[in-house]
Amino acid sequence: MKANKICFITCVSDLVQYQMALNYMKALQIPEGYEIEWQQVFHAESMTAGYNQAMNRSDARIKVYLHQDVYILNPLFLHEIVSLFAEHPSLGMIGVVGSKSIPDNGIWWESRHKYGMVYESRVNGQTTLLNFNEVAEDYESVQAIDGLLMVTTVDLPWRKDLLKGWHFYDVSQSFEFVKAGYEVGVIKQLSPVCLHHCGVSDLTGYEENRRIFLKHYMNPPGSEPNHAAAMKWSFGQPVFAYERDDPNIVQRSAWVGHRYFAYDLIRNVKPRVVVELGTHMGLSFFSFCQAVVDCSTGTKCYAVDSWVGDSHTGGYEEAVYETVSRVAKAYYAPAAELLRGTFDEALSQFADQSVDVLHIDGYHTYEAAAHDFYTWLPKMADNGIVLFHDINVRIGNFGVYRLWEELRRQYPGLAFDQSHGLGVLFPKGCSELLQDMLLHEKELKMRYR
């Protein structure tokens with residue numbers, strides 16, 4: 001494999017259409033030292049067969065699989081994907097749109113957890129911007145991407161043995177990459193990277209391939225009918241009101257990769273009291289509150305923060321507190337209550353053994369995080385859950401990772417790696433539901449990646 005070589009791979013049945021796509025490809029700026037190759041497969045018997053044929057002919061490390069009707073608009077596209085793969089070695093495949101979860105019917109675009117953007121042009125000449133959830137970081141780790149454009153750095157065989165037509169090859173390959181231990185991601189785009197000139201969809205073989213996909217990936221032989229159904233944990237598909245209100249709540253948050261877990265945590269555990277130590281713009285707090293409102297759990301959620309900032313976060317303008325207060329009242333009253341002050345000052349407002357979920361996200365030194373944990377531990381109820389953010393940050397005087405490593409030797413728990421890491425600790429015993437979470441840690445981590 002040539003590390004500094006990029007190959008564009010396309011199954012071609014319409015030369016005129018492909019020539020237009022090729023013109024866009026040839027207009028892209030080429031990273032210095034890189035070689036470009038084009039592989040066309042004419043009249044392939046299936047997408048998987050065609051892609052396997054071209055993949056085996058090319059020695060390029062980076063391969064760009066795209067439809068003959070996809071036009072890459074961003075001239076810096078190649079520079080950006082080279083940098084992205086270099087900075088994130090766990091990333092095996094990327095696309096421009098995709099989904100964090102796959103519905104039970106196997107159709108990724110019917111999920112409410114879609115990410116990315118693309119221009120779509122139909123036969124009537126109208127061009128539409130499909131703009132899903134925003135990708136806040138370099139990429140959003142997802143379960144599957146759409147096949148209009150798929151870029152890989154690893155050669156995994158396309159499942160020609162399973163899928164004979166032109167549908168579900170993309171979701172299948174996404175699952176194959178995840179199964180092989182690679183991340184699949186939707187890239188961050190300031191404007192759409194490409195335009196998909198869709199034309200008229202040919203649905204020949206669609207339903208047959210959908211059934212094959214479901215049987216092999218969603219319900220493999222010998223497994224439960226639905227892998228997640230074997231768990232007591234259930235997964236929601238929330239729409240977060242705060243996201244529509246103020247995009248800064250998402251864009252300025254380092255917690256964005258955990259909000260679906262936060263929502264489902266409240267949905268499943270149904271705690272009486274949630275306390276958050278360190279709220280900033282409120283993304284984590286409002287994600288808890290969204291579940292309280294949607295699921296009528298009767299939970300009371302308290303956000304404790306001075307809203308002045310510290311040396312890690314920098315100082316906060318008063319507008320930050322005003323925004324959090326306004327959003328809390330507009331969407332989450334009476335579940336949400338803000339307690340402005342220090343964490344120690346708030347202690348006296350909670351009886352011992354009264355807090356079911358505690359989220360610690362304050363000053364991130366080892367000493368500060370340990371102080372917060374041990375002073376609030378008596379407040380935790382039986383089977384209480386403590387969340388620690390930034391357990392993967394190892395720069396400067398950040399020390400939450402040290403505390404997390406110590407506590408994991410004493411108490412059961414699990415951890416999520418994305419968005420700087422989130423530790424989930426069970427220091428007051430494990431209910432049947434919490435034991436089930438530990439048993440299915442791998443599935444939970446895959447669903448919330």
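Values in this text are rule-based calculations from the coordinates and carry no lab data. Quick caveat: nothing in here was measured; it's all calculated off a predicted structure. Cβ coordinates were reconstructed from backbone atoms using ideal geometry, including for glycine residues, and neighbour counts include every protein chain displayed.
Scanning residues 5 or more positions from Gln189 or on other chains, those with amide H under 5 Å from its amide H are Val135, with H placed 1.01 Å from N in the peptide plane. According to the Kirkwood relation over distinct C-alpha pairs, the hydrodynamic radius of the range 2-218 is 17.3 Å. From most to least packed by mean Cβ count within 10 Å, the peptides 385-398, 167-180, 233-246 give 167-180, 385-398, 233-246.
The spacing between the range 403-442 and the range 241-257, judged by their C-alpha centroids, is 25 Å.
Considering Cα pairs under 8 angstrom that are at least six residues apart, work out the relative contact order of the chain and quote it in whole percent.
Contact order relative to length: 12 percent.
Both the radius of gyration and Dmax for the range 293-375 are 14.0, 38 Å, in that order, over alpha-carbon atoms.
When the chain is described by a simple charge dipole with +1 on each Lys and Arg Cβ and -1 on each Asp and Glu Cβ, the residue from Val324, Ser284, Tyr302 located farthest towards its positive end is Ser284.
Computed from backbone phi, the HN-Hα couplings of the range 241-246 come to 4, 5, 5, 6, 6, 8 Hz, rounded to whole numbers (Karplus: 6.51 cos²θ - 1.76 cosθ + 1.60, θ = phi - 60°; Gly and Pro given as x). Estimated purely from DSSP H runs of n ≥ 4, each contributing -39500 (n - 2.57), the mean residue ellipticity at 222 nm for the chain is -9000 deg cm²/dmol once divided by its residues. Here the chain is treated with +1 on each Lys and Arg Cβ and -1 on each Asp and Glu Cβ, and its dipole about the Cα centre works out to around 840 debye. In order along the range 42-49, the phi-based Karplus estimate (6.51 cos²θ - 1.76 cosθ + 1.60, θ = phi - 60°) of 3J(HN,Hα) comes to 8, 6, 5, 6, 6, 5, 5, 5 Hz; Gly and Pro are listed as x.
Going by the alpha-carbon gyration tensor, a ≥ b ≥ c the square roots of its eigenvalues, is the range 1-56 rounded (a/c under 1.5) or, if a/c is not under 1.5, prolate (a/b greater than b/c) versus oblate? It comes out oblate by the Cα gyration axes.
Across all C-alpha atoms in the range 241-447, the radius of gyration and Dmax reach 15.7, 44 Å.
Taking only the alpha carbons of the range 336-393, we obtain Rg and Dmax values of 11.5, 32 Å in that order. Working ranking of peptides 31-37, 47-53 by packing, defined as the average number of other Cβ atoms within 10 Å per residue, highest first, is 47-53, 31-37. Pairs exceeding 29 Å between alpha-carbon atoms, taken from Lys63/Lys179; Lys114/Lys379; Lys164/Lys188; Lys179/Lys300: Lys114/Lys379; Lys164/Lys188; Lys179/Lys300. Alpha carbon centre of the range 330-360 versus the range 133-152: separation in Å? What the calculation gives is 36 Å, centre to centre. This ranking places Phe373, Phe286 by how few other beta-carbon atoms lie within 10 Å of each, fewest first, which gives Phe373, Phe286.
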